[in-house]
Amino acid sequence: VVLSKKRGVVLSPTTILANQLKSSFSARLEPNAITVDMVSRFRSQKELISVKKNIEENNNDVLIGTHAVLNNDIYLKNIGLLIVDEEHRFGVKHKEKIKRFKSSVDVLSMSATPIPRSMNLALSGIYSVSMLQTAPRLRLPIKTQIEYYNESIIKEAIDFEVGRGGQVYFVHNDIDSIQNVSHKLQNLFPKNYVDYIHGQEPSGKIEKKMVAFISGKIDVLVCTSIIESGIDVPAANCIIINNSHLFGLSQLYQMRGRVGRGRQQAYAYLLVPKRILLSEKALKRIKSIEENISLGSGYNISMTDMEIRGSGSLFGYKQSGGSSSMGYEMYTRMVQRVLHESGKLGSGFRILPEDVVVELYKKRFIPEKYIALESVRMSVYKSLTSATTDKELDDILYNLVNRFGPVPGTVTNLIKESRLRLVASRVGICSLVRRPCGVVCSVENRNENYYASAVIDYAENFFNESNVKYHIVPTKRAVLSLCIHFENNEDIYSLFSRFLGKFGALVKVN
């Protein structure tokens, strides 16, 4: 993106994560003469003015920031790529803001646990999804156990972790009592340094405490769910989550993921109060975390989350229409068909392209030698069948050549058929199918006898002028068909391109 003279923007849900991303990106990119800037509440007003000036003068290549990036259009100048880190932490309103410039910007959303709505969009095929399932080398699964709140368990866990030179997160998601919990733990461990952190503290204080924790000066950090988002502290290998039944499934998974970032065995303790009756959903959440301990199990967690909470809203804040009972893709196709038949779609197609059948070549497929991954081959097939303009087909061809090299003949045949399908759908021809006798060209008769007859009359004139033999094919009453004969050495694509192209021009004139 940077080499293409565009700017990359990384959107982070919290100031702590933005700060860590800034350090990581700077260390990796600045040696390559790529400048990195950051926008968050950690920055002073003077620093923010400087960042804006750099953006105006194109003096920075990568911009990292929190929601503040979305609040001011000046931050969105000259963007080529937007990376949304921890996508599940952004609400519908934030995502609506992203859509303002999404049409011209590539967007990469990342999450260890996609929210049910995003999972539903992915499973429906609206989002394209890639899964990273290979764990870093020497990374171990986190040992997870559910326990009733017990000071002896807490003391034993912290003693063990600090004793081997590690650090501990103690998650207590109540700002009013977090200081008292911190003092209580400090009294239990007078020789260790215990501190607390929450989101309502001044930004300078938060930054100072997190730097102290990352550098190993704090042994036990009592915190709220502020640490949920992507903070990487390799020395922290124990997390104790108090009142774990009050957290969401993805929250529990994300917080557990804050430990075990190095090569040490990590431990997670999910504490629930004694003498409390857990709801069915809370029990399912906690049990799911306990069961899904393997590395890369975020997908399973998200599927369970979707089962517990439902699939979410595809259209704004609530589910609309009947898509929940029939599937999103079928729902949109039905809506499109009704709009087309009522003449309100305004697409220029007499027949929807998906209803046109073009089968001219015997060999028309994507070889495994050309694209090895089945999921990628299926994605290309889907792109070809859903394309509605020649520009889209040109882009597909360009991307194939750019990614996999020159296309083989069988793929060229597929693209040729897709081009003919678009022209045929505009002029009302419902099929061009190769048969032993030749190519059968069919027109739907419906209630437009005059139009179907006009197509057949034009076809007869065209093929007579081209010295191509044909004959009428007896078919059912709803379709009129011609069988066009041709020699095996004839260029079948050129013949039908001329035929459909001339007829298309005639239809536009008339």
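The values are calculated or read from the model by the stated rules, or taken from the named source; none is laboratory data. Only a predicted model underlies this, so the values are computations on that prediction, with no experimental measurement involved. We place every Cβ from the backbone using ideal geometry, glycine too, and count neighbours over all the protein chains shown. Areas reflect the complete protein model, heavy atoms only, side chains present, ligands, DNA and RNA absent. Shrake-Rupley method; radii C 1.70, N 1.55, O 1.52, S 1.80 Å.
Note on Lys97: aspartates and glutamates with a C-alpha under 19 Å away, same-chain residues under 8 apart excluded, are Asp73, Asp85, Glu86, Glu87, Asp106. For Val2, the solvent-accessible surface with a 1.4 Å probe is about 40 Å², rounded to the nearest 10.
Computed on protein heavy atoms with a 1.4 Å probe, the accessible areas place Lys22, Lys362 in the order Lys362, Lys22, largest first. Note on Lys469: aspartates and glutamates with a C-alpha under 19 Å away, same-chain residues under 8 apart excluded, are Asp457, Glu460, Glu487, Glu490, Asp491.
Could you sort Arg263, Arg434 by their accessible area in this structure, using a 1.4 Å probe and putting the largest first? Let's see the in-between values first.
Numbers: Arg263 180, Arg434 75 Å².
Correct descending sequence by accessible area is Arg263, Arg434.
Put a dot 7 Å past the Cα of Glu374, heading toward its Cβ, do the same for Asp457, and the two dots end up 5.2 nm apart. With 20 Å as the limit, the listed pairs Lys416/Lys502; Lys143/Lys287; Lys93/Lys382; Lys363/Lys391; Lys363/Lys416; Lys52/Lys93 have Lys93/Lys382; Lys363/Lys391; Lys52/Lys93 beyond it between alpha carbons. How much length is gained if the chain between Phe365 and Asp174 is pulled fully straight, taking 0.36 nm per residue apart and subtracting their Cα-Cα distance, in nm to one decimal? Contour length minus the Cα-Cα distance gives 62.9 nm. Peptide packing: for 203-209, 134-140, 354-360, the average count of neighbouring Cβ atoms within 10 Å per residue gives the ranking 354-360, 203-209, 134-140, highest mean first. Between amide H atoms placed 1.01 Å from N, distances below 5 Å from Ser109 occur with Val84, all of them 5 or more places distant or on a separate chain. Solvent-accessible surface of protein heavy atoms, probed at 1.4 angstrom with all chains present, puts Leu3, Leu76, Leu420 in the order Leu3, Leu76, Leu420, largest first.
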